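Asker: One structure, as structure tokens, below. Some questions next.
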Amino acid sequence: MTHRPTSDRAIAVLRQYWGYDSFRPPQEAIVTDLSQGRDMLVILPTGAGKSICFQVPALLHAGLTLVVSPLVSLMENQVAELRERQIPAALLHSQISKQDRQDCIRRIEARQLKLLYLAPETLLSQSFWPRLPTWANQISLLIIDEAHCLLQWGTTFRPIYRRLGSIRPALPKASFGIGAFTATADPGTAQEIQRVLGLRSPRIVRESPYRPNLALKISIAWSDRSRRQRLLNFIRAQGETSGLVYIRSRREGEELTQWLTGQGCPCLAYHAGLSAQTRRRIEQQWLTGQTQFVICTSAFGMGINKPDVRWVCHFHPPLSLSEYLQEIGRAGRDAQPAQAWMLVSEPTGWLDPYDRQQRQYFHQERQDHYRHALRLAKRLPQSGHIPALTEIYPQAEMALSLLHSLGQVIWTGPLDYRIRPTGKGPAGFSKDEGEVQSMRRFIQTRQCRWQFILQTFGFEARLPCGHCDRCGLG
């Protein structure tokens, strides 16, 4: 069977809507397989053009492509870009008006949409999910964008992610492929994504996260005052180039923003505590260059297309190497030189104990979370309807999600469950601790930093990169 007819059509669509005459490797192979209904797990570096890989197949199919996306800002940016290209796309989330929601439903029923972006909570809500079986025959693809969120958030504050694999079995009359897309997944994470989503003999595309234009450097801050001063000096040295500063908490972001602005470096703080309107305004000011840099928590920048980001700074180290790789990937998307700089506490923690305290806090918080969930799980019925259960036990969904991660829960439908005791312990303890330890080893390694990253994520380590602080970068 030849793939050429699909490729010809795909290139025609690419040229018509995006103005390109050819795909980048391996985009064309991904487009071809998704267009033919094959399940896929696609792991491509940030900025490698993942969105086109499922947007083009959506236009090749006659039906509707559902795109599960984790953030309102990510949905809004992608839908705005699609509409600018005259592609019929819409989004559903909790912040849109009732009229916009009704208009979206009307367009689905009239088969006027090609792509529908929605959060997992919207897709499996009691208001939306019951409608889906009536539309099942027009669903052509189910895309899970930023699929690493399934494991990163699925047993904590967004447990509904772990129920996404129940969608296709609940729609027996439907025939659609599932595509999972992410920028970061080590071999263990990749296997778990396939298992949770119920992917059927998926084709796996994994591209190295190595970015030859991105220089990596870590510097020690001997005190809180030193950390702030080093950041200030670094930002001043960047001139007027665009960048991002990542912090751990809202409070730190607000305080650092106020201090930097007082030092003559005006900037804005971005975090989940701001209104949706304020967050959109900050994004636009940064995208258009009105604001040089933003002090932000981890969600900022996910899926935002700004090619000319010249630097990313971590004011404190992230808790996992996956999180780090996601965030530094927002620099240098135009393939021009960019830098990723991280500030860390001195190794002993005597002079600046912040990083050590953060690791301990994270570890304790996760342990408390798992123990609470497991205690609650013992009180839950062996089977039931999740929306009804959460009215009695508000944290039940979290407990069921954790049990699912341990193999002790089966989703009998997107809104229903059954517990099957297996006697396994809380595996999440060791996994979370492993992520923290991997980040610590990365900070302390004497090895080339890019080599360390590649080995951790299951890629063959290349020669020393020559552009990290372990390879002689100043």
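Asker: Regarding segment 170-280, what is the average projected area of its C-alpha convex hull, in nm²?
Answerer: With every direction weighted equally, the projected area is 12.1 nm².
Asker: Still on this structure, I have one more. About its Cα centre, what dipole magnitude does the chain give when the only charges are +1 on Lys and Arg Cβ and -1 on Asp and Glu Cβ, stated in debye to the nearest 20?
Answerer: The calculation lands at about 580 debye.
Asker: In angstroms, what radius of gyration and Dmax does segment 44-103 have, counting Cα atoms only?
Answerer: 12.5, 38
Asker: Take the Cα coordinates of segment 271-336, assign each an equal point scatterer, and use the Debye formula without solvent to give log10 I(q)/I(0) at q = 0.11, 0.16, 0.28 Å⁻¹.
Answerer: Normalising to I(0) and taking log10 leaves -0.26, -0.56, -1.44.
Asker: Roughly how many whole Å is it from the C-alpha centroid of segment 10-47 to that of segment 117-167?
Answerer: After rounding, the separation between the Cα centres reads 23 Å.
Asker: To continue, here is another question. At E346 and R418, where each label point lies 7 Å from the Cα along Cα→Cβ, what is the point-to-point distance in nanometres?
Answerer: Label at E346, label at R418, 6.1 nm between them.
Asker: When the C-alpha atoms of the chain are aligned to their principal axes, what extent does each axis show, in angstrom, from largest down?
Answerer: 62, 58, 46
Asker: For the chain, with the dipole built from +1 on Lys and Arg beta-carbon atoms and -1 on Asp and Glu ones, taken about the Cα centre, which of F300, S94, T241 lies farthest toward the positive end?
Answerer: S94
Asker: Right, something else. Return the inverse of the average 1/r over all pairs of distinct C-alpha atoms in segment 38-170, which is the Kirkwood hydrodynamic radius, in Å to one decimal.
Answerer: It is 15.3 Å.
Asker: Across 10 Å bins from the origin, how do the percents of Cα pairs in segment 98-256 run, short distances first?
Answerer: The distribution over segment 98-256 is 8, 27, 24, 21, 14, 6, 0, given as percents.
Asker: Could you tell me what a quarter of the Cα convex hull surface of segment 85-139 works out to, in nm² with one decimal place?
Answerer: 4.0
Asker: Could you list which residues have their amide H under 5 Å from that of Y417, counting only those 5 or more apart in sequence or on another chain, with H placed in the peptide plane?
Answerer: Result for Y417 returns G384, I386, T412.
Asker: Hey, another quick one. Per residue of segment 183-198, what does 6.51 cos²θ - 1.76 cosθ + 1.60 with θ = phi - 60° give for ³J(HN,Hα)? Whole Hz please, x for Gly and Pro, Karplus curve as stated.
Answerer: 9, 9, 6, 6, x, x, 5, 4, 5, 5, 4, 4, 5, 5, 7, x
Asker: Between Q336 and S22, what is the label-to-label distance in nm when each label sits 7 Å out along the Cα-to-Cβ direction?
Answerer: 2.5
Asker: With unit charges on the beta carbon (Lys/Arg positive, Asp/Glu negative), name the residue among C465, L319, I144 whose Cα is farthest towards the positive pole of the charge dipole of the chain.
Answerer: I144
Asker: Based on alpha-carbon atoms only, what is the radius of gyration of segment 1-104 relative to the globular estimate 2.2 N^0.38 Å?
Answerer: 1.14
Asker: How much length is gained on full extension from T278 to A388, taking 0.36 nm per residue of separation minus their Cα-Cα distance?
Answerer: This chain segment gains 36.1 nm when fully extended.
Asker: Also, I was wondering about something else. Can you say what percent of the DSSP beta bridges in the chain, counting only those with both residues inside, are antiparallel? Round to 5.
Answerer: If we restrict to bridges inside the chain, about 10 percent are antiparallel.
Asker: Considering the Cα trace of segment 293-422, what is its radius of gyration and what is Dmax, both in angstroms?
Answerer: For segment 293-422, the Cα radius of gyration and maximum Cα-Cα distance read 20.7, 56 Å.
Asker: Size of the dipole of segment 160-248 about the Cα centre, Lys and Arg at +1 and Asp and Glu at -1 on the beta carbon, nothing else charged, in debye to 20?
Answerer: Around 200 debye, computed over segment 160-248.
Asker: Moving on to the next point. Only helical DSSP H runs with n ≥ 4 go in: add -39500 (n - 2.57) per run for the chain, normalise by residue count and round the 222 nm mean residue ellipticity to 500 deg cm²/dmol. Walk me through the numbers before you get to the answer.
Answerer: Values: 18 runs with 196 residues, N = 474.
Mean residue ellipticity at 222 nm (helix-derived): -12500 deg cm²/dmol.
Asker: Where in the chain lies the longest segment free of GluC sites (Glu not before Pro) that are both loop residues by DSSP (not H, G, I, E, B) and have at most 13 other Cβ atoms within 10 Å?
Answerer: 1-239
FYI, it's all coordinate maths here, none of it is from the lab. All of these numbers come straight from a predicted model, not from anything done at the bench. No Cβ is skipped: glycine too gets one built from the backbone with ideal geometry, and neighbour counts run over all protein chains shown.
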